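Peer 1: Starting off with a structure, shown below.
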Amino acid sequence: MIPRRTKTELKKRLICRKCFRVFENKSMKTRTACPNCGSVKDARIRTEHTKIYSQKHPERMLALKKYNKEHRKERQKIANGRVKRVVFNILSNNNPKCENCGCNDTRLLEINHKNGGGGKELQGGKRTNVFMWDIYMGRRETSDLNLLCRVCNALHYLKIKFGKIPMQVLWKS
């Protein structure tokens, strides 16, 4: 008896690992091309495949766990950098730059809370990387966030605290 094929579940939001762009799977096909770089992405949700693979090859999974334990710090640094780039693309519609002055150096960019209160969100033991992962996974709404460079973010804080400030920041690339 041949097993009947079930309808495959597809991801609605895809992240290109080549150019780190976030895009919607509008065609709802299993293989979708990135609109920015053209690389083809698999849009299927593959949870069952991972379970079957780990059951068939437990020795490979143990070797992977050992490798991850030995190289955890450098792998974590790479993963956090990837998450940061994707979050910046999510917040800026795939064009990461400061909304105030136009600075496009990603080393200087920060996530800003438009209405203030960023420190309150991180209280209670929540770390910055958890905050980033919540945005990355779509668990946190991003309507109250924007991207600002460090200087403009400090200026935004001063405006909230003291009112109008007689300063302006300009970015020359």
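The values are calculated or read from the model by the stated rules, or taken from the named source; none is laboratory data. Worth saying up front: this structure is predicted, and the values here are computed from it rather than measured. Cβ: placed from backbone, ideal geometry, glycine included. Neighbour counts: every protein chain shown.
Peer 1: Among the residues that make up the stretch 86-98, is at least one of them touching a residue at least 40 places away in the same chain (Cβ under 8 Å), in contact with a Lys or Arg (Cβ under 7 Å, 6 or more places away or on another chain) and in a helix (DSSP H, G or I)?
Peer 2: yes
Peer 1: Right, Asn80: in contact (Cβ under 8 Å) with a residue 12 or more places away in the chain, out of contact with any Lys or Arg (no Cβ under 8 Å at 6 or more places or on another chain) and within 21 Å of Val22 (Cα to Cα) or not?
Peer 2: yes
Quick grid of which residues meet (1) farther than 30 Å from Phe23 by Cα; (2) assigned by TED's automatic domain parsing to the domain that holds Asn93; (3) assigned to a helix (DSSP H, G or I):
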residue: Glu110; (1), (2), (3): no, yes, no
residue: Asn115; (1), (2), (3): no, yes, no
residue: Lys126; (1), (2), (3): no, yes, no
residue: Trp133; (1), (2), (3): no, yes, yes
residue: Tyr157; (1), (2), (3): yes, yes, yes
residue: Met167; (1), (2), (3): yes, no, no
residue: Leu170; (1), (2), (3): yes, no, no
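Peer 1: Answer yes or no: is there a residue in the stretch 69-84 that is touching a His at 6+ places or on another chain (Cβ under 7 Å), modelled with pLDDT of 90 or more and closer than 30 Å to Leu148 by Cα.
Peer 2: Checked against the condition, which is being touching a His at 6+ places or on another chain (Cβ under 7 Å), modelled with pLDDT of 90 or more and closer than 30 Å to Leu148 by Cα, the stretch 69-84 yields no hits at all.
Peer 1: Another question, then. Residues in the stretch 118-166 that are among the hydroxyl-bearing types (Ser, Thr, Tyr) and free of Cβ contacts under 8 Å to residues at least 40 places away in the same chain: how many?
Peer 2: Counting residues in the stretch 118-166 that are among the hydroxyl-bearing types (Ser, Thr, Tyr) and free of Cβ contacts under 8 Å to residues at least 40 places away in the same chain gives 2.
Peer 1: Which of the residues spanning the stretch 36-85 are outside any helix (DSSP H, G or I), surrounded by 11 or more Cβ atoms within 10 Å (Cβ to Cβ) and of a type outside the set (Gly, Ala, Ser)?
Peer 2: Selection gives Asn36, Cys37, Lys41, Asp42, Arg44, Ile45, Arg46, His57, His71.
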